[in-house]
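Bear in mind these aren't lab numbers, they're just calculated from the coordinates by the rules spelled out. Just so you know, these numbers come straight off a predicted model, no measurement behind them. Heads up, the Cβs are rebuilt from the backbone with ideal geometry, glycines too, and the neighbour counts pull from every protein chain shown.
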Amino acid sequence: MADDVTLSSREQQKFDIISQVLHHQMTNGQAATMLGISPRQVQRLKQPIRRFGKMAVVHKLIGKKSNHALAASVKEMVLKTITTTYPDFKPGFATEKLEENHQIKLTSQTVRVWMTEAGLWKPRKHKKTGEYRSWRPRKEYFGEMQQFDGSYHLWFENRYVDGEGIPFEVCLLASIDDATGKITKATFATNEGVIAVFTFWKDYVLTIGKPGIVYLDKFSTYKITHKAAVDNHELMTQFQRAMQDLSTVMISAHSAEAKGRIERLFGTLQDRLVKEMRLAGINNPRDGNIFLEKVFLPKFNAKFTVIPAKEGNVHRPLTQQDTKNLKRIFSVQSRRRVNNDFTIQFKNRWYQLAEVQPVTVRAKDMVLVEEWLDGTVHFSLREKYLTYILLPGKPQKVSKPPVILTTHTLNWKPLPNHPWRQYPDRFS
C-alpha cells in the first residue's frame, strides 16, 4: 500500500534524498543542506523510511485540524470587537482590553496576526540608526546559493550596431555560485525581462539542477517594488511564483553591496570578457553565447573557482512532477474570465473554447492563462488544459448560449455562423 501512495513534489524529494543517504550515495550533511533541515533530523528520518517506505515522509496531520486551532467564530468575534471598539489600538493593547473588558484571553501574537490579515495593523520597520555591514562567509556547498543578476553594457564595443550605426547595449545574465565563485551559467539576452530570465533559469535547472537559494536584487522582474504592493505578501511577481513552484528560496538584496560577489563579477567581466571577445573577433550575441559556453567560462572557472568549505554538489534534481510542469512553471501567468458565449479575450485577441472539454466549464469561470516560452497560449481550469481556437476577430453575439461545456457533445445546436460549425476541423 505504501508503494501506491501519491507524494507531493517536496515529499518525493525528501524520500529520494534520504534514500540516497541510506544507500551511502550522500552524506547526512549534504542531505541536510538540500532539505533545509539539521543533520540530526536526517538521521532521525532514516529509520522510519527503512520501515515504512514512502509513508514515513507523509505528515501525519495532513488534512487534520490542529488541536490548538481556534474556532473561526472566535476570530470573527474578536475582529468585529476590535473594529468597532478598538480600531486604532496596537495589538498588545487590544489584547489586554479583550481580556479585561470581554473576558477573551488570547496571546498578543495571535491578535497581531489576525489584525494584520484584516488590515487593522501594519507592521512597522525598526528605524535604522546607522549602517553596519559585516563580511558574510561563503556558503559551504556548491549549489547551496546562486547569486544572479543582469548587466547592460557595450559588451561588443562598437562592433554590434543598429541600422544607424549606433552600438547596442546588450544584457548579460549570469549566476555565480556563492561557495565556489564558479560562474554556473552566463548568456547574452536582449533584456532583463521575465521571458529572458525564465529562459535562463529553465535551461539552468534542466542542465544543472535546482539551487537551494537564488540571491538577487530588487529589480522589478524579481520582486514587487511598487509602493502600493510592498506590503501585499500574496502579490508575487512571475519569478517569485516560479521559484516557489520549484521549492527554491528567493532572497532579495537590499543593496548592491549585499550581493557583492555578482557585482564584482560583472566588473571583472566588463574588463576581461570584452577584451577576450575582441581578440576572438566575436561581434554579436549569438556568437558571444557560443564563445561563453565553449571557451570563456571553462577558462575563467578553472582560474578563479575556489574550493568550497565542504565537498559535494547540493543542487537538487528535478522531480517527475517538476519535469512534467516545467513549461507551466516557466510561463507568464494571468487570469481571465470565460464569457457567456464561452470565448476568452486575452491581449486584444478572442479565443473560442471547443464544445467538448476535459473538465466542466461554466460561463464566468476564472481560467489560468499561461504564455509559454515558445509563444503559445494555454488556458487551464482545475489543472486541465482547455481546447480552443483563435478567432479572426470579435465573435458575434450568441442568443441563448449553452449553459456549460463538458466532456461530451451538447444538445444545444449552434447557428451556422458559429465557430463550432465554421471551423470544425480546427477543434479536433
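Miscellaneous remarks
- Virtual paramagnetic centre 7 Å along Cα→Cβ of Lys275, amide N under 11 Å, in the stretch 292-323: none
- Rounded to 5, percent antiparallel among DSSP beta bridges of the chain: 80 percent
- Relative contact order of the stretch 2-57, pairs being alpha-carbon contacts under 8 Å that are 6 or more residues apart, as %: 44 percent
- FRET E, pair Asn101, Asn348, Förster distance 60 Å, beta-carbon r, rounded to 0.05: 0.55
- Around the amide H of Arg316, modelled in the peptide plane, lie the amide H atoms of Lys210, all under 5 Å away and 5 or more residues distant in sequence or on another chain.
- Measuring nothing but how far apart in sequence close Cα pairs (under 8 Å, 6+ apart) lie, relative to its length, the stretch 61-214 scores a relative contact order of 16 percent.
- Protection-proxy order for peptides 300-308, 384-392, each taking the mean of Cβ atoms within 10 Å per residue, highest first: 384-392, 300-308
- Straight Cα distances below 14 angstrom link Lys125 to the aspartates and glutamates Asp231, with same-chain residues fewer than 8 positions distant left out.
- Segment Phe52..Arg124, full-extension length gain: 21.2 nm, with 0.36 nm per residue of separation and the alpha-carbon distance subtracted.
- With a threshold of 30 Å on the Cα-Cα distance, the over-threshold entries among Lys347/Lys397; Lys294/Lys347; Lys259/Lys299 are Lys294/Lys347.
- Note on Asn284 and Arg138: their simple-model spin labels are 3.8 nm apart, each label 7 Å out from Cα toward Cβ.
- Charge dipole of the chain about the Cα centre (unit charges at C-beta), most positive-ward option of Gly212, Leu373, Trp350: Gly212
- In this simple spin-label approximation, Arg337 and Val249 carry label points 7 Å from Cα along the Cα→Cβ vector, and these lie 4.1 nm apart.
- Among Arg40, Arg124, Arg336: highest mean-square fluctuation, GNM of the chain, C-alpha pairs under 10 Å: Arg124
- D_trans [Stokes-Einstein, Kirkwood Rh over alpha-carbon pairs] for the stretch 331-427, 37 °C, 0.692 mPa s, µm² s⁻¹: 239 µm²/s
- Chain lengthening between Thr407 and Thr110 when straightened (0.36 nm per residue, less Cα-Cα): 102.3 nm
- The chain, Rg to Rh (Cα coordinates; Rh as Kirkwood inverse mean 1/r): 1.03
- Exposed-loop-free span, longest in the chain, where GluC sites (Glu not before Pro) count as exposed if DSSP calls them loop and at most 11 other C-beta atoms lie within 10 Å: 235-382
- The mean sequence distance of close C-alpha pairs (under 8 Å, at least 6 residues apart), as a share of the length of the chain, puts its relative contact order at 13 percent.
- Taking amide H as placed 1.01 Å from N in the peptide plane, Thr184 has its amide H under 5 Å from the amide H of Ser175, Ile176, Asp177, each at least 5 places away in sequence or on another chain.
- Rounded to 0.05, the FRET efficiency of the Thr199 and Val359 pair, given R0 = 22 Å and the Cβ-Cβ distance, is 0.15.
- Here each label is just a point 7 Å from Cα along the line to Cβ, and for Ile166 and Asp88 those points are 5.4 nm apart.
- Electrostatic bookkeeping for Glu276 treats Lys and Arg as +1 and Asp and Glu as -1; over the other residues with beta carbon under 13 Å from its beta carbon, the sum is +3.
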